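J.: Here's a structure for you.
The values are calculated or read from the model by the stated rules, or taken from the named source; none is laboratory data. Please read these numbers as outputs of a predicted model, since none were measured by experiment. As a convention, Cβ positions derive from the backbone with ideal geometry for all residues, glycine included, and neighbour counts pool all protein chains shown. Just the protein is used for accessible areas: all its heavy atoms, side chains included, with ligands, DNA and RNA removed. Shrake-Rupley method; radii C 1.70, N 1.55, O 1.52, S 1.80 Å.
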Amino acid sequence: MDIKTARAWVRAIAASVEAGKDRLTRLDSAIGDADHGNNLHRGFTAVDAALATHPAATPGDVLVTTGSTLISKVGGASGPLYGSLFRAAGKRLTQSAPTPADLADALDAGLAAVRKLGSAQVGDKTMVDALTPALEALRAAAESGADLPAAAHAAAKAAADGAASTIPLQARKGRASYLGQRSQGHEDPGAASTAMIFTALAEAAG
Amino acid sequence: MDIKTARAWVRAIAASVEAGKDRLTRLDSAIGDADHGNNLHRGFTAVDAALATHPAATPGDVLVTTGSTLISKVGGASGPLYGSLFRAAGKRLTQSAPTPADLADALDAGLAAVRKLGSAQVGDKTMVDALTPALEALRAAAESGADLPAAAHAAAKAAADGAASTIPLQARKGRASYLGQRSQGHEDPGAASTAMIFTALAEAAG
Amino acid sequence: MKKFLNTADSFLADSLAGLGAAHPALRVDIENRVVTRSEGVADGRVALVSGGGSGHEPLHAGFVGDGMLAAACPGEIFTSPVPDQMLAAAAAVDTGAGVVFVVKNYTGDVMNFDMAADLAGDDGIRVETVLVDDDVAVQDSTFTAGRRGTGATLLVEKIAGAAAERGDGLGVVADIGRRVNAASRSFAVALTASTTPGADRPGFDLPEDEIEVGVGIHGEPGRSREKMRPADEIVADMMAAILADHRDLGSGSDAIVLVNGMGATPLSELYLVYGRVAAILADHGVTIARNLVGDYVTSLDMAGCSITVCKAEESFVHLWDAPVRTPSLRWGI
Amino acid sequence: MKKFLNTADSFLADSLAGLGAAHPALRVDIENRVVTRSEGVADGRVALVSGGGSGHEPLHAGFVGDGMLAAACPGEIFTSPVPDQMLAAAAAVDTGAGVVFVVKNYTGDVMNFDMAADLAGDDGIRVETVLVDDDVAVQDSTFTAGRRGTGATLLVEKIAGAAAERGDGLGVVADIGRRVNAASRSFAVALTASTTPGADRPGFDLPEDEIEVGVGIHGEPGRSREKMRPADEIVADMMAAILADHRDLGSGSDAIVLVNGMGATPLSELYLVYGRVAAILADHGVTIARNLVGDYVTSLDMAGCSITVCKAEESFVHLWDAPVRTPSLRWGI
Ligand SMILES: Nc1ncnc2c1ncn2[C@@H]1O[C@H](COP(=O)(O)OP(=O)(O)O)[C@@H](O)[C@H]1O
Ligand SMILES: Nc1ncnc2c1ncn2[C@@H]1O[C@H](COP(=O)(O)OP(=O)(O)O)[C@@H](O)[C@H]1O
Ligand SMILES: [Mg+2]
Ligand SMILES: [Mg+2]
Ligand SMILES: [Mg+2]
Ligand SMILES: [Mg+2]
């Protein structure tokens, strides 16, 4: 992943968050507080601006700036979580032209940060339910020698499946957990936005 | 009008207010504050109770008790107005078996009290628009020698016409006046209840 | 419209019972519908008595206490109280120094208070009446019911109440109250109608894109119905109506401003409105000496707000700042 | 749902501008979303900083002032603020005696305040955090996000704020705050959903004959949906949930009680609810030492109410009575 792709990825996330804002907020309104779409839209608009004014030198810089900006601008649960995901991944992504395997390493570090902060397990009905299979698919594709477009495509599919898998679950973390059994039957908004993030990666990769 | 008729009149008002409560309140909701039906219902329920516990000796007593009770229990504009109408009429009605002409004299004293208190003229879109023609009809019938049933019937018809005549008017008194031109096209609730009061008189008179 | 109530008939008594339970400093006579101070009025002090239909809480009972009202008479919802209440209140609080009736200008309120004043006079109680009629949405003329009393009622009760507390005589207290009223103008807008407990629907139907402009505080429709628009435009229109009528409020004037919620409007929106009011008055060279933002003179569950601007003599500000201790207005004590 | 706003995007800034205009005693930094006391914190005093999503007004900015908060950080509507805000607030108000973060227990709030505490520590500011989690509608377990922070936040801010004002040290102030939280239980019911500025519809749909039971303060649905019923029954259920969880609140206990409106519920209904709460606690032999009835921890334009019962140590009552001067809570000063 070169710097152009990294920037294209972040721009693609911003575009798809803009397009999917209302859907995310609707999902969050069913089992949360109806702000997830707005939160990410505010965040990625700020990321776009930050990257425009402070151009990053490496793909890792792009992700660090993305993460730091999300932490400073989003708030809520998703701000620190996605912020830490991108920040930790960016810090690990020291290569100037990272391979798919490098990217998988970096994002694993990001996932570790998310899990450290939120202590969610797979099955708790959070973004972790989409992140975890996405990163497994990314690593598997990288190990089998796939290029970035192919690996990203596999990750995007796994993330989407992971997001869909949250529908029947009862939430154990985040606001949706307050609903108890009533959280069942709804897709987790954070898992849905994670799926959008990997779809954007696949788009940016080509 | 003997005491039995006087009591029957007040009871008939109470019954028709109970039945027409929602209609009066609906009229008041269009151009007032949606309480006229409740106000009169509260008042005449209390009048019923007062007459049951403190039996009146003369027709005049019945009306005085009615008026005093309305003043003590209704509040709003209609409480003092109807209260004064009945109180002043009752005080004038000193005869033990008043003729229709005596009743017309008494109710004229009541109307004078209403006009003194509220300074409304015919055409201001208030209860005065129904009271005034009703009392004119009552007096005319009495002067032409009609008995109470016939005189009351004439008064009831005139009151109903007077109430209907308020529909196109723009209110100049009471809450409806705040609406300016928007008060046009609605029947005045107090004029409507005045019509009910005279219909009740016709019923009670037989 | 859902409400916390048991039956519509018991609503007022149940609510007054809670008021009494919450505030030991109040004596709430539920039977006679009279709220007084538990500790009474200090010897020789003039007593302010107010009242009106219920549904405007905290007005009036929430303003009974040191430095403000001596008693309040809550009527039925949106219905003026009856003379018996005011008479009982006046008898309970008169120290011999006399009683000031603060009356909002509605036909019913005026007639009932007038009757009470007559009866009180018969009983040897000296009564002065201050009529509040600040609402510029209503055309004032001798051929109409005249302007309604709305937000300025709070200002009259606070300022005249402070005058009574410091020991001013009956005539002086009443005069101060009348001057506060004369210096005040209000205008209100409703975004939604209110629903009376027990009623099956709101006082009027208001579509999602329309507002009622120039409403009173009794859930009645306003002077006109208009399209919903940005807050700054609504506030500009409200202030234009107030300023057009408030001829002697000019550059260099001081003002006391109340931005009042009608019951269902979030405080965040009221502050937004206040910000615009302050900017408009600043443009006119008017200094806001004191302000209040919140729900003070409400109309049940109506969403909307009223703006009251009182041209403030120095003495008004001084009396405004005097200590007050009531359930819903308190400072300095 | 109609609102007084210009654009959804400018809502918060416009509202904060009005807050600042109305209260010269507050310094409102709109850009950085930090509200502090204009006169600062007295030398050597611990500073309380709170914050959370906006939409709960007057919480928290309305409680900045003498005897209560040193600073508030308003987030976007229903969204916790970001670490930058808390860090800026802590840096602005720390006298060297340390800062107490009062944090409502929501995943987002906790994570953002934790990050801020780390950053503040890096800058040499001593920070203690008091986590508020009083809402018994939520099952508490180590496998969940735990209880939400709701009405008790006000009690923590008032009582710990008074401790800070009298000069207690960082550890003591934080400990008092934690004890107040531990002694408090809350439960809320919604009659209507709230609508976020800019959203085209309420957070959930609620038919005319149903209520949401066990709601939080973010417009989210509650623990269950039930049929509308008389207020006394609703309150009995709410109090049963609170008392079942509040094991050491027994006969002979003193309590501080908050009956809190969610934004669109008339004060008359809140008093009605309070009357029932008082009767139930009296039946349990609990004495209500102090109470508050009104809109303090709201959820925009939601109709509904919450009940908070804090088992009151004598020291809590003493600190409760200490003077406080903020826009929305004031007495003794
Ligand atoms: N403890 C957690 N661990 C991982 N993800 C979480 C956790 N709590 C919440 N989330 C994610 O955050 C999403 C909600 O984000 P958002 O709506 O922006 O924040 P908030 O819940 O503060 O309003 C949830 O859908 C979920 O995926
Ligand atoms: N000045 C007045 N003179 C005569 N009748 C009046 C006057 N003002 C109001 N009314 C009558 O009172 C009626 C309203 O009564 P009601 O609704 O019970 O009192 P309120 O207006 O105080 O709510 C009006 O419909 C009108 O007929
Ligand atoms: Mg959310
Ligand atoms: Mg009426
Ligand atoms: Mg009325
Ligand atoms: Mg949120």
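J.: Restricting to region C:95-115, and then to whatever is more than 20 Å from the chain's Cα centre (by Cα) and either buried (at least 24 other Cβ atoms within 10 Å of the Cβ) or farther than 20 Å from B:K173 by Cβ (or both), can you tell me which residue is nearest to the other protein chains (Cβ to nearest Cβ)? Give the derivation first.
T.: As a first pass, look at region C:95-115 and keep what is more than 20 Å from the chain's Cα centre (by Cα): C:95-98, C:115.
Of the ones still in play, those that are also either buried (at least 24 other Cβ atoms within 10 Å of the Cβ) or farther than 20 Å from B:K173 by Cβ (or both) are C:95-98.
On the way: C:T95: 26, C:G96: 27, C:A97: 28, C:G98: 24 Å.
Filtering region C:95-115 for residues that are more than 20 Å from the chain's Cα centre (by Cα) and either buried (at least 24 other Cβ atoms within 10 Å of the Cβ) or farther than 20 Å from B:K173 by Cβ (or both), the one nearest to the other protein chains (Cβ to nearest Cβ) comes out as C:G98.
J.: Restricting to region D:260-273, and then to whatever is within 8 Å of another protein chain (Cβ to nearest Cβ) and touching an Asp or Glu at 6+ places or on another chain (Cβ under 7 Å), can you tell me which residue is most open to solvent (accessible area, probe 1.4 Å)?
T.: Here the residue is D:L267.
J.: Then there's this: Tally time: how many residues in region C:63-94 are away from ligand 2 (no atom under 16 Å from the Cβ), outside any loop (DSSP other than H, G, I, E, B), more than 7 Å from chain B (Cβ to nearest Cβ) and not aromatic (F, W, Y)?
T.: As a first pass, look at region C:63-94 and keep what is away from ligand 2 (no atom under 16 Å from the Cβ): C:63-72, C:84, C:87-94.
Those left that are additionally outside any loop (DSSP other than H, G, I, E, B): C:63-64, C:66, C:69, C:71-72, C:84, C:87-93.
This time we only want the ones that are more than 7 Å from chain B (Cβ to nearest Cβ), so: C:63-64, C:66, C:69, C:71-72, C:87-93.
Now narrow it down to the ones that are not aromatic (F, W, Y): C:64, C:66, C:69, C:71-72, C:87-93.
Within region C:63-94, residues that are away from ligand 2 (no atom under 16 Å from the Cβ), outside any loop (DSSP other than H, G, I, E, B), more than 7 Å from chain B (Cβ to nearest Cβ) and not aromatic (F, W, Y) number 12.
J.: Now for a different question. Is it the case that A:A6 is open to solvent by 10 Å² or more (accessible area, probe 1.4 Å) and more than 14 Å from every other protein chain (Cβ to nearest Cβ)?
T.: No.
J.: If you check every pair at least six apart or on different chains, which have Cβ atoms under 6 Å apart with a residue in region B:175-194 that is within 13 Å of another protein chain (Cβ to nearest Cβ) first and a residue that is small (G, A, S) and surrounded by fewer than 23 Cβ atoms within 10 Å (Cβ to Cβ) second?
T.: Between residues of region B:175-194 that are within 13 Å of another protein chain (Cβ to nearest Cβ) and residues that are small (G, A, S) and surrounded by fewer than 23 Cβ atoms within 10 Å (Cβ to Cβ), the close pairs are B:H186/B:A30.
J.: Then there's this: If I ask for residues that are open to solvent by 50 Å² or more (accessible area, probe 1.4 Å), without any contact (Cβ under 8 Å) to a residue 40 or more places away in the chain and assigned to a strand (DSSP E or B), which ones from region D:283-323 would you list?
T.: Within region D:283-323, D:T287, D:R290 qualify.
J.: Would you check if D:L16 is under 21 Å from D:A164 (Cβ atoms), assigned to a helix (DSSP H, G or I) and open to solvent by 10 Å² or more (accessible area, probe 1.4 Å)?
T.: No, not satisfied.
J.: Could you give me the residue pairs with C-beta distances under 6 Å whose first residue belongs to region A:55-67 and is more than 21 Å from A:G79 (Cβ to Cβ), whose second residue is of a type in the set (S, T, N, Q) and open to solvent by 10 Å² or more (accessible area, probe 1.4 Å) wherever it lies, and which are 6+ apart or on separate chains?
T.: A:T58/A:S96
J.: For region B:34-48, check the following and say yes or no: at least one residue is in a helix (DSSP H, G or I), open to solvent by less than 40 Å² (accessible area, probe 1.4 Å) and more than 30 Å from C:F204 (Cα to Cα).
T.: Scanning region B:34-48, I find at least one residue that is in a helix (DSSP H, G or I), open to solvent by less than 40 Å² (accessible area, probe 1.4 Å) and more than 30 Å from C:F204 (Cα to Cα), so the answer is yes.
J.: Could you say which residue among D:R276, D:R330 is touching a helix residue (DSSP H, G or I) at 6+ places or on another chain (Cβ under 6 Å), at the interface with chain C (Cβ under 10 Å from one of its Cβ atoms) and of a type in the set (D, E, K, R)? So that I can check it myself, show each step before the final result.
T.: Values: D:R330 fails: touching a helix residue (DSSP H, G or I) at 6+ places or on another chain (Cβ under 6 Å).
Just one listed residue meets the conditions, D:R276.
J.: Identify all residues within region B:136-186 that are in a loop (DSSP other than H, G, I, E, B) and surrounded by 24 or more Cβ atoms within 10 Å (Cβ to Cβ); write none if there are none.
T.: Answer for region B:136-186, where residues must be in a loop (DSSP other than H, G, I, E, B) and surrounded by 24 or more Cβ atoms within 10 Å (Cβ to Cβ): B:T166, B:A171, B:G174.
J.: Then there's this: Checking B:L27 against (1) assigned to a helix (DSSP H, G or I); (2) open to solvent by less than 10 Å² (accessible area, probe 1.4 Å); (3) within 16 Å of ligand 4 (Cβ to nearest atom), only one condition comes out false. Which one?
T.: Result: B:L27 fails condition (2) only.
J.: For region D:1-26, give me each residue that is more than 9 Å from chain C (Cβ to nearest Cβ) and in contact (Cβ under 8 Å) with a residue 24 or more places away in the chain.
T.: Hits for region D:1-26 are D:A8, D:D9, D:A25, D:L26.
J.: Against the condition surrounded by 19 or more Cβ atoms within 10 Å (Cβ to Cβ), within 15 Å of B:D105 (Cα to Cα) and more than 9 Å from every other protein chain (Cβ to nearest Cβ), how does B:A89 come out, does it pass?
T.: yes
J.: Can you say whether B:A113 is open to solvent by 20 Å² or more (accessible area, probe 1.4 Å), closer than 27 Å to C:C73 by Cβ and under 15 Å from the mean Cα position of the chain (by Cα), as far as the supplied structure shows?
T.: Yes.
J.: Considering each of C:E212, C:E128, C:E157, C:E208 in turn, give the residue that is more than 30 Å from B:L85 (Cβ to Cβ), open to solvent by 10 Å² or more (accessible area, probe 1.4 Å) and acidic (D, E).
T.: From the options C:E212, C:E128, C:E157, C:E208, the qualifying one is C:E208.
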